[in-house]
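Just so it is clear, none of the values below were taken in a lab; they were calculated from the coordinates. In this text the structure is predicted, and so the values were computed from the model without any measurement. Note that each Cβ is placed from the backbone with ideal geometry, even for glycine, and that neighbours are counted across all protein chains shown.
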Amino acid sequence: MLGGTKAYSGFSVHDVAAAREFYGETLGLRVSESGGMLTLHLGGGADVLVYPKGEAHVPATFTILNFPVADIDRTVDDLAARGVRFEHYEGMGQDDRGIARDTGGPPIAWFTDPSGNILSVLEE
């Protein structure tokens, strides 16, 4: 029944202006704003809605967006130079930059947006 519709996902943030700056400037995504909400325009034509919840916002406790990259080392270094801080999780065997390489999957590094939502870059 819904197989032909264009679905999209969404998540909340505490502050739309901070999210716009982070996703648009820091991460370099194409971002548009309408009605007090943001749309992140991702590669491959996917859109993600970012909506405000103000003080009611609670960050997701799981990774909400994964960004596949060709070279995780270079990407982590580039993002760190832009002010992104990478998370370190107990038991994940991450190096000093936050990259986990022996997780049973691709090399991955996690970071958060200004509202505390968890994102990752992972090597394809």
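Under a 5 Å amide H cut-off, with hydrogens placed 1.01 Å from N, L65 pairs with S120 among residues at least 5 apart or on other chains. When the Cα atoms of the stretch 29-124 are aligned to their principal axes, the ranges along those axes come out at 42, 30, 26 Å in descending order. Seen against the Cα atoms of the chain and their longest principal axis, helix 72-81 is set at about 70 degrees.
Restricting the chymotrypsin sites (Phe, Trp or Tyr not before Pro) of the stretch 1-49 to loop positions (DSSP other than H, G, I, E, B) with no more than 13 neighbouring Cβ atoms within 10 Å leaves Y8.
Of all beta bridges that DSSP places with both ends in the chain, some 60 percent have antiparallel geometry.
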